[in-house]
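The values are calculated or read from the model by the stated rules, or taken from the named source; none is laboratory data. Because the structure is predicted, anything quoted here is derived from the model rather than measured. Cβ sites come from the backbone with ideal geometry, for glycine too, and all protein chains shown count toward neighbours.
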Amino acid sequence: MNGKTVELQRARRRYKALLRERQSLASSGSIDPVVENEIRKLEDTHAELRPPFPPPLPDHAVAASPPLVSSTTGEEGAKQSSSGARTVSPSSELQPKSSTQQPYAPIEKWCVTDLDTEPKAHTPHARGGVQPPARRDGHLVLFLLRLFNETHQRSLLGFRNCVAIASLSIAVAVLHCTVLDPSSRIGSLVTPSLLCCLVHANNLAALFMRRPQRLSVPALVVYVCFDIVPSIALDVVAYHLSLTLMQFCGARPVSFGC
């Protein structure tokens with residue numbers, strides 16, 4: 001009698017495990033023929049395991065096996081929590097693993113949102129009134145490159161302007177030695193440097209009228225260093241050479257203050 005009871009308990013545990021496995025397969029929309037055969041064999045061997053059939057409905061017959069399986073599995077789940085030992089098939093062991101991995105999804109989503117919000121905290125510093133050093137260095141490098149490019153361009157002064165500056169210097173020297181007194185008010189205004197500046201102003205104005213895009217800050221820096229300064233030196237040299245040659249020829253300046 002004890003042997004039959006032990007065998008019945010084992011069959012009942014096995015039957016409960018198979019019912020749970022069939023329920024999990026039914027939830028996923030699949031059927032395992034092996035599980036169905038084992039359940040049928042256990043029901044044929046032990047009549048106590050077979051669930052009672054409900055009374056037939058008046059209008060139409062409905063298969064009562066799925067509701068009975070769900071009801072029996074609910075009772076069996078409560079009993080299984082108190083029982084210690086149970087046997088589970090390999091296909092049923094995969095279901096708890098997938099359920100245990102689901103709680104980690106919100107944590108990963110929370111970490112991603114934190115990473116997305118971290119760079120936004122630094123945006124006020126980047127939008128401040130202070131210009132970042134990298135941007136200032138970029139402007140400086142661009143200015144130096146344009147300056148280097150302008151040094152290799154054709155001179156804005158031109159040969160005609162150089163001839164005009166030298167001619168005006170010679171003319172001023174002749175005026176200072178014949179008509180104008182360099183120490184007077186009019187003679188102090190008519191100087192080679194003033195006429196040289198007027199030539200440069202006329203040159204830049206004509207260039208701006210023809211090609212406005214040619215004039216820029218690097219171009220003006222190069223023009224001052226490589227055109228205006230040498231032209232002033234040429235102006236002074238031409239003026240003093242003219243005075244020296246006129247003195248050799250016997251012409252004396254109107255005033256020795258020059």
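Among the criteria (1) part of a helix (DSSP H, G or I); (2) surrounded by fewer than 18 Cβ atoms within 10 Å (Cβ to Cβ), the one Asp181 does not fulfil is (1). Taking the criterion of being assigned to a helix (DSSP H, G or I) and under 14 Å from Asp235 (Cβ atoms), the residues of the stretch 191-202 that qualify are Pro192, Ser193, Leu194, Leu195, Cys196, Cys197, Leu198, Val199, His200.
Of all residues in the stretch 140-152, exactly one satisfies the criterion of being more than 30 Å from the chain's Cα centre (by Cα) and surrounded by fewer than 11 Cβ atoms within 10 Å (Cβ to Cβ), namely His152. Residues considered: Ser242, Ser255. Of these, the only one that is at pLDDT 90 or above and either aliphatic (A, V, I, L, M) or surrounded by 11 or more Cβ atoms within 10 Å (Cβ to Cβ) (or both) is Ser242.
Okay, residues lined up against (1) in contact with a Phe, Trp or Tyr (Cβ under 8 Å, 6 or more places away or on another chain); (2) of a type in the set (Val, Ile, Thr); (3) touching a residue at least 12 places away in the same chain (Cβ under 8 Å):
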residue: Leu204; (1), (2), (3): yes, no, yes
residue: Leu207; (1), (2), (3): no, no, yes
residue: Ile228; (1), (2), (3): no, yes, yes
residue: Asp235; (1), (2), (3): no, no, yes
residue: Tyr239; (1), (2), (3): no, no, yes
residue: Leu245; (1), (2), (3): no, no, no
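The numbered conditions (1) farther than 30 Å from Glu150 by Cβ; (2) in a helix (DSSP H, G or I) are all true for Leu207 except (1). Summed over the stretch 29-44, the residues that are surrounded by fewer than 12 Cβ atoms within 10 Å (Cβ to Cβ) and either in contact (Cβ under 8 Å) with a residue 12 or more places away in the chain or of a type in the set (Asp, Glu) (or both) give a count of 1.
What's the total number of residues in the stretch 153-176 that are over 29 Å from Met209 (Cα atoms) and either at pLDDT below 80 or loosely packed, with under 11 Cβ neighbours inside 10 Å (or both)? So the answer is 0.
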